[in-house]
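The values are calculated or read from the model by the stated rules, or taken from the named source; none is laboratory data. Computed from a predicted model, the values in this text were never measured in an experiment. Glycine gets a Cβ as well: all are built from the backbone with ideal geometry, and neighbour counts include every protein chain shown. When the accessible area is computed, the model is the full protein with side chains, heavy atoms only, and any ligands, DNA or RNA have been set aside. Shrake-Rupley method; radii C 1.70, N 1.55, O 1.52, S 1.80 Å.
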Amino acid sequence: MNPTESRRPRVAIVGAGISGICLGVFLRRAGFHDFTIFEKAAGFGGTWRDNSYPGLVCDVPSRYYQFTFAKNPDWTQLYSTGPQINRYLTEVAHAHGLHRHTRWHSEITAAEFDGRAWHLTTAAGARERFDFVVCATGFLHHPRLPQIPGLDDFAGPAFHSSRWDHGIDLRGKRIGVIGTGSTGTQLVRALAGRVPRVVLFQRSAQWVLPTVNRPYTRLSRALYRRWPALSALSYRLNALTFALFSRGLVRPGPVRHVINAVCAAHLRTVRDPELRRALTPDYPPMCKRLVVSDGFYAAVQRPDVDLVTAAVDRIDPHGVVTADGRHHDLDILVLATGFDSHAYMRPMAITGTGGRTLDQVWADGPHAFEAMMLPGFPNLFMLIGPHSPVANHPLTAVAEAQSRRIVEWLRAWRAGEFTTVEPTAAATAAYNERLRAAMPGTVWAAGCHSWYLGRNGIPEVWPSSRARFDRLMRRAPDLADYALDRPAVPR
């Protein structure tokens with residue numbers, strides 16, 4: 001074709017969560033309308049749709065955990081609940097017409113590149129051709145289930161926290177919670193006092209950053225509706241605060257010392273010395289994701305809450321047996337055991353050039369070029385891919401920065417500047433080597449075991465500031481880092 005002619009790319013977006021919604025909005029605003037969002041479930045929201053357990057609250061302030069193009073003046077509190085965020089995401093998607101581009105109950109099981117285009121296959125067996133594929137599958141959507149003997153023998157309801165069964169009546173029930181990350185601590189805070197007994201099984205203690213989830217008054221919400229500039233100002237102030245906090249994550253210094261001191265002081269609010277020792281981590285704050293809570297320590301000190309530090313040995317029909325031989329009688333068992341954060345778009349089978357599969361390329365662990373692309377997989381993008389700044393920045397901001405980069409590539413394709421694009425293997429290797437070299441100074445490399453770490457023990461997160469990531473996403477790509485198949489110019 002003539003490179004000066006405009007052409008229309010067919011784009012497939014896999015996933016209708018935060019990043020899929022964000023990209024859909026960016027595509028429509030840039031004049032790209034031939035795209036399809038494939039969603040395996042029946043609604044927008046991704047992890048905020050799937051997770052609906054009692055007490056679910058985001059640990060990023062509401063007025064920062066939102067899209068800059070869709071600021072919401074009606075957040076009701078400093079940290080939003082899961083249902084509020086899911087409702088916000090759904091409203092944004094519908095307001096921008098994304099429901100007309102979305103196919104529900106359409107799980108993509110395979111994607112194969114034939115040298116010119118991608119062919120996607122759904123679980124129902126349908127097959128369709130696209131010029132570009134964007135994996136917006138997130139990284140917290142495959143529940144991680146513990147391998148505990150007897151788990152299937154439990155006589156009562158047992159489920160992962162992301163599969164909460166709202167049909168169960170909790171009244172009068174003894175509930176066991178396995179896991180002490182953000183989910184486990186939120187569950188304990190929400191259930192304590194509502195049920196006769198909550199038993200929290202702790203494998204490792206967590207540092208807790210205190211907060212007060214203050215409500216926003218009707219007057220303040222009215223002011224934000226009346227003057228939208230207030231939302232923009234609040235977003236900027238939150239960004240500055242978050243940037244300061246993030247500095248403690250990526251480099252030693254006074255910020256890290258202050259956060260450490262605040263967490264240690266908060267721990268001292270636990271009055272019982274024995275319980276306080278049990279809740280004291282053996283690693284520095286922020287090495288694992290901080291628990292942000294306004295009531296966990298108060299809840300765990302209640303007489304109707306038990307903290308169990310002995311390892312879980314097995315499960316029988318009536319409860320949990322710990323390594324000290326003690327039996328804990330339970331009616332309901334909740335697995336707050338997190339997600340396989342390194343799965344990304346898998347188990348979707350992705351085959352690139354030369355028949356190489358994603359599983360083969362990622363045999364030693366997930367990696368990417370600038371968190372978004374892979375050599376050998378032309379015209380394939382990832383949103384919130386490996387080494388995205390998921391630990392120190394709101395996912396809404398990450399999705400916007402990456403969506404903007406994808407739109408720029410599509411504009412170049414539409415203008416006929418290339419047919420396929422992929423990063424070179426050399427550029428990808430050099431980029432990941434630079435990331436590894438920057439990791440030792442970060443708090444995630446301080447010696448604890450967390451879901452941030454890859455198979456090789458190296459953190460799979462962004463080791464620098466949001467500003468530096470934004471600059472990376474905004475700068476013009478160095479074409480020397482890419483293999484571009486350019487269309488022939490007719491003579």
Projected onto the charge dipole of the chain (+1 at Lys/Arg Cβ, -1 at Asp/Glu Cβ, origin at the Cα centre), which of Gly295, Pro366, Ala192 gives the Cα projection farthest towards the positive end?
-> Gly295
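If you roll a 1.4 Å probe over the heavy atoms of the protein chains, what accessible area per residue do you get for the stretch 383-491, in Å²? Before the final figure, lay out each step's value.
Details: 4710 Å² over 109 residues.
It amounts to 43 Å² per residue over the stretch 383-491.
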When the accessible area of the stretch 3-94 is computed with all protein chains present and a 1.4 Å probe, what percentage of it is carbon and sulfur?
-> 50
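Under a Cβ-Cβ cut-off of 11 Å, what is the net charge of the residues other than Ser234 that fall near it, where Lys and Arg count +1 and Asp and Glu count -1?
Values: positive: Arg63, Lys71, Arg236; negative: none.
In short, +3.
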Along each principal axis, Cα extent of the stretch 336-450, largest first, Å = 48, 32, 31
Residues of the stretch 240-294: accessible area per residue with a 1.4 Å probe, Å² | 55
Could you check how much of the accessible area of the stretch 168-277 is carbon and sulfur, as a whole percent, using a 1.4 Å probe?
-> 59
Electrostatic dipole magnitude of the chain [Cβ: Lys, Arg +1; Asp, Glu -1; Cα centre; debye, to 20] = 1780
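Taking only protein heavy atoms into account and a 1.4 Å probe, give the accessible area per residue of the stretch 1-131 in Å².
Dividing the accessible area of the stretch 1-131 by its residue count gives 40 Å².
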For Ala261 paired with Thr217, estimate the spin-label separation in nm (one decimal), with each label point 7 Å from Cα along the Cα-to-Cβ line.
-> 3.3
When the charge dipole of the chain is computed with +1 on Lys and Arg Cβ and -1 on Asp and Glu Cβ about the Cα centre, the Cα farthest towards its positive end, among Leu383, His328, Val258, belongs to Val258
Positive-end extreme of charge dipole, the stretch 386-487 - chosen from Leu435, Ala401, Leu453 (charges on Cβ) = Ala401
Non-local residues with an amide H under 5 Å from the amide H of Asp306, with H modelled 1.01 Å from N and Pro and chain starts lacking one, are Val198, Val199, Leu200
List the DSSP H helices in the chain whose Cα atoms stretch 15 Å or more along the helix axis and whose mean Kyte-Doolittle hydropathy is at least 1.0.
-> 18-29, 229-250
DSSP-defined antiparallel bridges as percent of all bridges, the chain, nearest 5 | 40
What's the local net charge at Asp485, with K and R +1, D and E -1, over the other residues with C-beta under 14 Å away?
-> -2
With contacts defined as alpha carbon pairs under 8 Å and 6 or more residues apart, what's the relative contact order of the stretch 270-390 in percent?
-> 11
Please return the longest stretch of the chain lacking exposed loop sites, where chymotrypsin sites (Phe, Trp or Tyr not before Pro) count only if DSSP places them in a loop and at most 15 other Cβ atoms lie within 10 Å.
-> 105-491
Lone cysteines in the chain, going by a 4.7 Å Cβ-Cβ cut-off?
-> Cys22, Cys58, Cys135, Cys263
